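Following: one structure in structure tokens, then a few remarks.
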Amino acid sequence: MNPFVFTTDTQIVFTYDFGELILDKLSDLSTSSILILTDLGIAKQDFFKVFLHNINQIEAKITLFDTITSDAEVTIVESITRIAIDNACDLILAIGGGSVIDTAKLVNIGLTLKDTEILNYQGINSITQKLKPLWVVPTTAGTGSEVSLVAVAKDNASNKKIFFGSHCLASEYAILDPNLLVTLPKFLTAATGMDAITHAIEAYTSINSNSPITDSLCIGALNNLFTYLPIAYNEPTNLSAREQTLIASTMAGLAFSNSGVGVVHALAHAIGAKYNTHHGATNAVFLLPGIKFNSRNSQSYYDDLSYKVFNNRNANQEFLCVKISELLATLELPLNLKSLGLPQLTNEDIEELAQTALVDPSLMFNPVEASLEDLKELIINSYN
Amino acid sequence: MSTFKNSDELNLVMLNLWTQISQTPHIANPLLESKLIVTFHYRSPEAQLTIDCANGSDFNILLGDNEIKPLIELFMKAEVANEFWLGKINVPMALLSGKIVSKGPINKALALLPAIKPAFQIYPSIIAQLNQSDS
């Protein structure tokens, strides 16, 4: 076995009452100023209104920012960081999906280091200082951001995704409450679920995937997701299905944080930055083309994964692809870039997208080296 | 055992390497086109090297502290740098494990990799010269 390092800095807590758990934990601390981050969709939910009422009863000052939009946009991160510094916040609480959680991670850098210019801290492991406590409550099952050591921001000025990676970005607590998922819209259930599936598949086949810990997390996550994601999609209030997909998403998040992802994510980041498409839905479009591309000389990874996930002696890469196709049909997700809403792509568009994907950090973990021409071909073939 | 006895030896090797890179058009030209400024921070032994291609035509190699603000900074042990130039290091793994720390736009740092890989052929002869002069 090759030497490996597996890192996690987050305590994962599963509960059926996130609010009570947070208030209980806060009662043991001397926190004086809490920043709560969420989005408008969550802010209007009854569970959030009840939680906000209850947390406002404690002695700490509460600052609420509830208008985070899709993607952690750099200027929004900088505005919230200013608010957090001005209010001397000593704890950040993020309740939401990947965009809310990534925004919270980036605000935490600026808040702790007292610097609103977040772009100063992009890079890998360049942040070495322990940051202020960050508690996260995911309201989707897919991004894995609650346990990941990375954050992705969107820079509207350059239409590019900006990458931050450090174990210091990890949340202190990831509080998993499946009750928060029962009102998740069907599209988000499907798209975030496919994000988790992509994390698990790409982490398993990554060039860094040499750890039996990440392998087990990927297999376990995929086993759960192939079984329970269709149920969560068709029966949104099925709590068992929500539990399983939520845990699977966290498992996949732990795996990809340690192994990396691959060409599917590289392409999805490039498309998402230019056309604002949903990250999980974009991953879903590129997942099968990505597997087929990598199977040119890494098919055995997918054969092995398929055999282990489906516990079937005859399962191989082809079987895995059939299962993914069936799942995509069940989840009624767009199958190509055109149906995802992209306009007709010009040669210049394709060149620009492929160039962006070529230098995306995800690509360095892909099991097969992808050239500019390979990426252009993948984009062209995924258009319709 | 460390490849470099002290900072002077490390500086000499890196200066020699980058001078040869700057004189090798198929390696130097993509770096000049990138117009990047990259600073390498080495430890054990300590050294600092800045490659400044900002004006797109001149290849400036600066040793030690300077006033230039780099776009990308890379931090590593000198021995990791030695393994890198020998083509023995898995860069993604080194980044994930913190052996190499990258500050600045990581996509631009990664874009440099294919450009400087041909220099892996130059480095062994430079290290061989160092070993000869040491013996």
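The values are calculated or read from the model by the stated rules, or taken from the named source; none is laboratory data. Predicted model, so just to flag it, every value in this text is computed and none were measured. Heads up, the Cβs are rebuilt from the backbone with ideal geometry, glycines too, and the neighbour counts pull from every protein chain shown. The protein model used for the area step is the full one, side chains on, heavy atoms only, and it has no ligands, DNA or RNA in it. Shrake-Rupley method; radii C 1.70, N 1.55, O 1.52, S 1.80 Å.
Amide hydrogen proximity for B:Lys77: with H placed 1.01 Å from N in the peptide plane, the residues at 5 or more positions away or on another chain lying under 5 Å are B:Arg43.
Compare the Cα positions of A:Ser295, B:Pro70, A:Val150 along the charge dipole of the protein assembly as shown (+1 at Cβ of Lys, Arg; -1 at Cβ of Asp, Glu; about the Cα centre) and return the one farthest towards the positive end. Value: A:Ser295. Summary of the geometry: region B:47-84 and region A:115-146, compared by the centres of their Cα atoms, lie 28 Å apart. Accessible surface ranking for A:Ile58, A:Ile197, 1.4 angstrom probe, highest first: A:Ile58, A:Ile197.
Taking every protein chain into account, the 1.4 Å probe leaves A:Glu373 with about 110 Å² of accessible area, to the nearest ten.
Residues whose amide H lies under 5 Å from that of B:Ile37, counting only those 5 or more places away or on a different chain, are B:Cys53, B:Leu71, B:Ile72; hydrogens are built 1.01 Å from N in the peptide plane. For the pairing of chain B with chain A, what total accessible surface becomes buried, with a 1.4 angstrom probe, in square angstrom to the nearest 100? Buried surface at the B/A interface: approximately 1500 Å². These residues, A:Asp102, A:Asp66, go from largest to smallest accessible area, 1.4 Å probe, as A:Asp66, A:Asp102. Each residue of region A:104-109 was assigned a 3J(HN,Hα) from its phi angle through the Karplus curve 6.51 cos²θ - 1.76 cosθ + 1.60 (θ = phi - 60°); the sequence is 4, 4, 6, 4, 5, 4 Hz, with glycine and proline shown as x.
Note on the protein assembly as shown: with neighbouring protein chains present and a 1.4 Å probe, carbon and sulfur make up 51 percent of its accessible heavy-atom surface. For the cross-link pairs A:Lys186/A:Lys338; A:Lys132/B:Lys35; B:Lys5/B:Lys99; A:Lys161/A:Lys186; A:Lys186/B:Lys103; A:Lys130/A:Lys186, the ones whose C-alpha atoms lie over 31 Å apart are A:Lys132/B:Lys35; A:Lys186/B:Lys103; A:Lys130/A:Lys186. Summed over the residues of region A:11-179 and divided among them, the accessible surface reaches 38 Å² per residue at a probe radius of 1.4 Å. Distances between placed amide hydrogens fall under 5 Å for A:Lys160 paired with A:Asp155, all partners being 5 or more residues away or on another chain. With contributions of -39500 (n - 2.57) from each DSSP H run of at least four residues, the per-residue ellipticity at 222 nm computed over chain A stands at -17000 deg cm²/dmol.
Bridging of B:Lys117 to aspartates and glutamates at a Cα separation below 17 Å is possible for A:Glu369, B:Glu33, B:Glu83, once same-chain residues fewer than 8 apart are set aside.
Tell me the angle of helix A:239-259 to the major Cα principal axis of chain A, expressed in degrees between 0 and 90 and rounded to the nearest ten. Taking the Cα atoms of chain A, the angle to A:239-259 is about 80 degrees. Among rounded, prolate and oblate, which fits region A:186-381 when a ≥ b ≥ c are the square roots of the eigenvalues of its C-alpha gyration tensor, a/c under 1.5 means rounded, and a/b larger than b/c means prolate? In terms of gyration-tensor shape, oblate. With θ taken as phi - 60° and the Karplus curve 6.51 cos²θ - 1.76 cosθ + 1.60 applied, the whole-hertz 3J(HN,Hα) list for region A:136-147 is 10, 10, x, 10, 10, 10, x, 6, x, 5, 4, 10 Hz, x standing for glycine and proline. The angle between the Cα long axis of helix A:279-310 and the main principal axis of chain A comes to about 60°, on a 0 to 90 degree scale.
Residues of region A:179-212 that bury at least 10 Å² of accessible area when the other protein chains are present, relative to the chain alone (probe 1.4 Å, heavy atoms, ligands and nucleic acids excluded): A:Ile207, A:Asn208, A:Asn210. Computed from point charges on the beta carbon alone (+1 for Lys and Arg, -1 for Asp and Glu), the dipole magnitude for region A:165-288 about its Cα centre is near 280 Debye. Rounded to the nearest 20 debye, the dipole magnitude of region A:11-179 is 360 debye, with +1 charges on Lys and Arg beta carbons, -1 on Asp and Glu beta carbons, and the Cα centre as origin. Modelled spin-label separation between A:Thr183 and B:Ser2, with each label point placed 7 Å from Cα along the Cα-to-Cβ direction: 6.0 nm. Sparse packing (at most 15 other Cβ atoms within 10 Å of the Cβ) combined with a DSSP loop state is found for the following trypsin sites (Lys or Arg not before Pro) in region B:61-135: B:Lys88.
Charging the Cβ of each Asp and Glu at -1 and of each Lys and Arg at +1, and nothing else, the dipole of the protein assembly as shown about its Cα centre rounds to 360 debye. Going from the isolated chain to the complete set of protein chains, region A:108-126 loses at least 10 Å² of heavy-atom accessible area (1.4 Å probe) at A:Asn120, A:Gln122, A:Gly123, A:Ile124, A:Asn125, A:Ser126. Scalar couplings 3J(HN,Hα) for region A:88-100, obtained by applying the Karplus form with A = 6.51, B = -1.76, C = 1.60 to θ = phi - 60°, are 6, 5, 10, 7, 10, 10, 10, 10, x, x, x, 5, 5 Hz; x denotes Gly and Pro. Judged by the ratio a/c of the largest to the smallest principal axis of the C-alpha gyration tensor, region B:7-128 counts as rounded, that ratio being less than 1.5.
Accessible area of B:Ser22 (1.4 Å probe, protein heavy atoms only, ligands and nucleic acids ignored): about 40 Å².
In region A:335-384, the residues that give up 20 Å² or more of accessible area when the other protein chains are added, compared with the chain on its own (1.4 Å probe), are A:Val359, A:Pro361, A:Met364, A:Phe365.
Ranking A:Pro343, A:Asn311, A:Ala255 by Cα position along the charge dipole of chain A, where only Lys, Arg, Asp and Glu carry charges on their C-beta atoms, puts A:Asn311 farthest toward the positive end.
Rolling a 1.4 angstrom probe over the protein heavy atoms with all chains in place gives region B:39-108 an accessible area of 46 Å² per residue.
Among the protein heavy atoms, those of A:Arg82 account for about 110 Å² of accessible surface (1.4 Å probe, every chain in place).
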